[in-house]
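Peer 1: Below is a structure I'd like to ask you about.
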Amino acid sequence: MRYRGSTVRQARLLPTRVIVVILLAFGALIFAAGAAGADTAKEVSITDTGFGPTTLEAAGGDTVVWTNDGTRIHDVSADDGTFQSGPMSPGQSFTFTFGASGTYVYRSTTDSNLTGSVVVGGAVLGGAAIGSAQ
């Protein structure tokens, strides 16, 4: 009899376990879909000798983060005026989100030998460019 009661209890718990597994799987799918649809951040390192990478490919809606990994103050300034970071001390960063496709050539105005570019394809419709210094 004891064996049968244990089996009955296990049978009653089965639907609860199935529901929990289904909810966990559904939650994982929602999380994965949200992560896949999120804008992507790209990194550019600024050193005292240049930008790395020199040319970066991005999609419309991507955010680029430039970090001053050098020992001097640097900045990031687009040749066409689209974005400008202002002076960044070592360790500081600047972010900019690209909305329109195109090639954006930039340089450090503190050292005109430091140049780079971001090539953006697949623009976000109606997307606006957003920048911030940190």
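Derivation of every value follows stated rules applied to the coordinates shown; laboratory data play no part. Since the structure is predicted, the reported quantities are computational estimates derived from the model, not experimental observations.
Peer 1: Amide H of residue 59 versus every other amide H placed in the peptide plane: which residues, excluding those fewer than 5 positions away on the same chain, fall under 5 Å?
Peer 2: So residue 59 has HN proximity to 121.
Peer 1: Separate question: Out of all Cα-Cα pairs in the stretch 41-133, roughly what percent, to the nearest whole number, are more than 16 Å apart?
Peer 2: Working: 2003 of 4278 pairs.
The calculated P(r) of the stretch 41-133 puts 47 percent of pairs beyond 16 Å.
Peer 1: Once you keep just the Cα pairs under 8 angstrom separated by 6 or more residues, what percentage relative contact order results for the stretch 44-104?
Peer 2: With pairs under 8 Å counted, the relative contact order is 35 percent.
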